[in-house]
Amino acid sequence: MTIGLLLFVVLLVLGAPVFLALTAGGAYLALVELRLPLSMLAQQMYISVDVFVLMAVPYFIFAGNIMLNCGPSRYLFRFLDALVGHLPGGMSAAAVLACMIFGALSGSGIATVVAIGSIALPEMLRQGYDKRSSMGLITCSGTIGQMIPPSIYMVLFASLVQGDVSRYFMAGIIPGLLTGVMLIVVAVLMARRDGMRLKAASDWPERWTTFKAAFPVLLMPPIVLGGIYGGIFTPTEAAAVAIVYSLLISGLVYRTLTVANFVKSARDAISSTAAIFIILGGATLLAVTVTYLKLPQHLVDEVTRLGLSPMMLLLAIVVLYLLLGMVMDPVPIMYITVPILLPVLLAAQIDLVHFAVITVAAMMVAQATPPFGMALFAMSGLFRTPIAVVVRGSLPYLAVLVATTLLVLFFPSLSLLLPNMMGR
């Protein structure tokens, strides 16, 4: 087993594609250690993505790309800017709020960074906001979309533990809102320290005009989430509804839907889905072979021997996640670790809904953690700025994401309040 895991690590360090490192490690363990037939590899990789709930992933990605490429996101930021942009640090607050809402629309952190960053950052720079800090703020705020429902990462976690996606969606609401509030507080303090200029307040007719323009966008989360919790449709069906709704408002309300941006949205969604699913296949292969070799059982025995409390166990897992987040993407981290840790969590009687929120919070940190945080690369590439500049601007806000992860860890009620209310 050591050689298979070492093969995975070496390939990863050498810069091989993540899916290749995962598949090579899993294939070695399956063929050499377990002596399974070659056909079992392809079968296992196919089974890993042949899950009904995973259909929501490409649907939500497609809906997010439509919102990104067809323009509705610009109306959202204009309304929030008209509402609070004149206040000290108000444009920073508007950017965070826009990231929270757009993240709830798309479920994608990268799409949120690109959509809101391309609109908000030029406006913030015109008002004298510090470029480095503003880029860092939007980079970290974009990750909130992984926590606020509908979250793609919650869908992936639910598929791993065969849980109710709607409960995991509900669990992310309070932590997501808390993260947004904490980011706004820090952003306002940073903006005031940097001496940003105040702009004239928008009058109420302008606010009403921008609200009417943004209303179809603001209506999407209540439709999608209301349909799920109202029992009208499943989370997977809700993702399909999100696509239809995005197309309708882009084509009929904003009239920005064209063949070109529709094709681009579909192409980007196909590319993103293929990348995620091929990583899922490789990660599942590695995780399953490690499980067959009884690593989870050894972990359970070791945890029992050490006598770790549930809280200490969770803290150790968070530290592991934060370290892995420096060198790996969130998706393979989840698909490698969760199956291995699941028996340990069950033996320690840890609530999986609470653990899901902790995991997603740590994955938010991973998206903005150097040197491989994808949100950092998205912001750097969008404005052709050295990634070191984005990293330095992100540090204060990255600290907020880490603090949120610890708050969720030590206060389980933040995660469990709404799911428990839903279950009554």
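The values are calculated or read from the model by the stated rules, or taken from the named source; none is laboratory data. What you see is a predicted model; the values in this text were computed from it and never measured. Note: ideal-geometry Cβ built from the backbone for every residue, glycine included; neighbour counts use all protein chains shown.
Structure values in brief
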quantity: Region 136-176, residues that are surrounded by fewer than 24 Cβ atoms within 10 Å (Cβ to Cβ), modelled with pLDDT of 90 or more and in contact with a Ser or Thr (Cβ under 9 Å, 6 or more places away or on another chain); calculated: Ile174
quantity: Where Gln43 falls short, out of the listed (1) farther than 21 Å from Ile110 by Cβ; (2) in the same structural domain as Gly145 (by TED's automatic domain parsing); (3) at pLDDT 85 or above; calculated: (3)
quantity: One residue from Thr179, Thr234 being surrounded by 19 or more Cβ atoms within 10 Å (Cβ to Cβ) and in the same structural domain as Met364 (by TED's automatic domain parsing); calculated: Thr179
quantity: Failed item in (1) loosely packed, with under 15 Cβ neighbours inside 10 Å; (2) more than 16 Å from Thr284 (Cα to Cα), with Ser39 passing the rest; calculated: (2)
quantity: In region 113-134, residue surrounded by the fewest Cβ atoms within 10 Å (Cβ to Cβ) [restricted to those that are of a type in the set (Lys, Arg) and modelled with pLDDT of 85 or more]; calculated: Lys131
quantity: Cross-chain or 6+ apart pairs with Cβ under 7 Å, region 145-159 first and assigned by TED's automatic domain parsing to the domain that holds Ala63, then of a type in the set (A, V, I, L, M, F, W, C) and not in a helix (DSSP H, G or I); calculated: Ser159/Val51
quantity: Restricting region 190-225 to residues that are in a helix (DSSP H, G or I) and among the small types (Gly, Ala, Ser), the residue that is surrounded by the fewest Cβ atoms within 10 Å (Cβ to Cβ); calculated: Ala213
quantity: Residue that is of a type in the set (A, V, I, L, M, F, W, C), in contact with a Gly (Cβ under 7 Å, 6 or more places away or on another chain), crowded, with 24+ Cβ neighbours inside 10 Å and in the same structural domain as Ala171 (by TED's automatic domain parsing), where the choices are Ala361, Ala368, Ala375; calculated: Ala375
quantity: Condition check for Ala56: surrounded by 24 or more Cβ atoms within 10 Å (Cβ to Cβ) and closer than 23 Å to Ala368 by Cα; calculated: no
